[in-house]
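Undergrad: Here you go, one structure.
Taken together, the values in this text are just the output of simple stated rules run on the coordinates, not laboratory data. Please read these numbers as outputs of a predicted model, since none were measured by experiment. Please note: Cβ atoms are built from the backbone with ideal geometry, for glycine as well, and neighbour counts cover all protein chains shown.
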Amino acid sequence: MPTSSKLIVMGGSWGGIQASLSVLKDLPASYSIPIILVLHRLRNQEGSLQEVFARKLLLQVAEVEEKEPALPGHVYLAPANYHVLLEKDHTFSLDDSEQENYSRPSIDVTFTSAADVFGENTVGILLSGASRDGSSGLKYIFEKGGMAVAQDPHEAEVATMPQAAIDSIPGCSIMNVARIKEFLLSLHEH
Amino acid sequence: MKPRADELFEQEVEALIRDIHTTYGYDFSGYARASVYRRVKRFLGHKHLPGMDALRERLFSDSFFFENFLQEITVNVTEMFRDPTFFLSLRQHVLPILSTYPFIKIWDAGCSTGEELFSLAILLEEEGLLGRTKIYATDINQKVLKQAKEGIFPASSMAAYAAAYYAAGGKRDFAGYYTSNYGSVKFASSLVRNVVFYPHNLATDTSFNEFHLVVCRNVLIYFNRQLQERVFNLFDESLVSLGYLALGKKETLAMSGISPRYDIMDKSNRIYRKVS
């Protein structure tokens, strides 16, 4: 299967599961851009998150496996206890090094790595969360010419994470969940 | 178009990998690049080095500095009883089979600072097997081997390790395995009385013994497919018939040429058995 020249990376913490489900719910199974989702969760928690997403989405839901390519029509969940990195050939690498921002998986790590590979074709979306993880990665995406989107803090269950991004990225787009969904649909190439 | 700075950095890392091989003999050519780039950038930041030229100058003029670099480039983050269900599975399904051998040999490949090694030793002790088990603990890095031998870990980690120990089927008082001193704890040296520590590089060294169990968790994720395949063959050569191979939770034998000779014993904990 051909890989995509674009990539969507999405991150969330507290309130992020609900927000990401709402964003992704109506995206078609044929959606043309691979999506990587990094959600903070409890350490050593097993894969039930995958079932929750698989039940509600039209897209294929898979946990990231190392060396597998990021393909269109898929949402890839970062596994508990590993950072997710991207290789130049659009395959995944996993990394169990130090936590970043008290998190592994860390949103910053994946956002940064995605921008290194996909550059201006990276779309970063930061959703609800009580952490400061994600904003420096989102800033890095923006600096590489990619698109930085933060969930509207007024709507987010916890505003800390998207607000941190908005405060540090002057060109950050602020959207509510409905608007993010529309935006993602507009990127879809039939 | 990708900005040129990235490409330049990547070329510089490739040149560095070649020169490290020539100068120090360590071969990183088979390491997955995304992680190498990230580790190098991180190291530059921590050492306040302005760029790759400064890094090269230090690395090739100061072997002590290189040792330090080696430790940072190879990930040495580890913990005791990581993935407690893995250790529980080992205790319930693998050790009873190993106990049928008069003498047991285990290879802990990539033992890092020893947290996994001490976890294995505690398991073997509680199952009454430690006295007739010899563990070979190897790592690419001499410095972490020294740490592993000492068995000194931060006291602040003990609460989490104790919880993981009980989740892994721990039968005793976890605190009974160590003595505390100034923010550190030291695990009983009797746990590693039958352990031999020595440097072994999975990327370049050969098989050196035959084992009933090879444990190598979260090491292969840092290697490309080609190097992974080399290591799988190395493990295959190093396992007795009906021996066990334990990988990390996100590592798999599935894509390997040796996989037809292996049964998967515990899928979620990635425990394989050599059946032919």
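Undergrad: Does A:Pro162 satisfy the condition of being in a loop (DSSP other than H, G, I, E, B) and crowded, with 21+ Cβ neighbours inside 10 Å?
TA: When the stated conditions are applied, A:Pro162 does not pass them.
Undergrad: Go through (1) out of contact with any Leu (no Cβ under 8 Å at 6 or more places or on another chain); (2) surrounded by fewer than 21 Cβ atoms within 10 Å (Cβ to Cβ) for A:Leu21 and report which single condition fails.
TA: (1)
Undergrad: Let me confirm something: among A:Val84, A:Val123, which residue is within 11 Å of chain B (Cβ to nearest Cβ) and aliphatic (A, V, I, L, M)?
TA: A:Val84
Listed here are the residues, each with its yes/no results for (1) more than 14 Å from chain A (Cβ to nearest Cβ); (2) basic (Lys, Arg).
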residue	(1), (2)
B:Ser184	yes, no
B:Ser190	yes, no
B:Leu202	yes, no
B:Glu210	yes, no
B:Val215	yes, no
B:Ile221	no, no
B:Tyr244	yes, no
B:Arg261	yes, yes
B:Lys274	yes, yes
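Undergrad: On to the next question. Return yes when A:Ala178 is surrounded by fewer than 17 Cβ atoms within 10 Å (Cβ to Cβ) and more than 28 Å from B:Asp6 (Cβ to Cβ) and no when it is not.
TA: yes
Undergrad: Further question on the same structure: Is one or more of the residues making up region B:107-119 outside any helix (DSSP H, G or I), more than 19 Å from the chain's Cα centre (by Cα) and not polar (S, T, N, Q)?
TA: No, that holds for no residue.
Undergrad: Can you find even one residue in region A:36-57 that is farther than 19 Å from A:Ile107 by Cα, in contact with a strand residue (DSSP E or B) (Cβ under 7 Å, 6 or more places away or on another chain) and either charged (D, E, K, R) or in a loop (DSSP other than H, G, I, E, B) (or both)?
TA: Within region A:36-57, one or more residues are farther than 19 Å from A:Ile107 by Cα, in contact with a strand residue (DSSP E or B) (Cβ under 7 Å, 6 or more places away or on another chain) and either charged (D, E, K, R) or in a loop (DSSP other than H, G, I, E, B) (or both).
Undergrad: Give me the residue from region B:29-61 that is within 14 Å of chain A (Cβ to nearest Cβ) and not in a helix (DSSP H, G or I) and, out of that set, surrounded by the most Cβ atoms within 10 Å (Cβ to Cβ).
TA: Looking at residues that are within 14 Å of chain A (Cβ to nearest Cβ) and not in a helix (DSSP H, G or I), I get B:Ala32.
Undergrad: Turning to a different aspect of this structure: So B:Asn68 passes all but one of these: (1) in contact with an Asp or Glu (Cβ under 7 Å, 6 or more places away or on another chain); (2) more than 13 Å from chain A (Cβ to nearest Cβ); (3) closer than 30 Å to B:Ala160 by Cα. Which condition number does it fail?
TA: The single condition B:Asn68 does not satisfy is (1).
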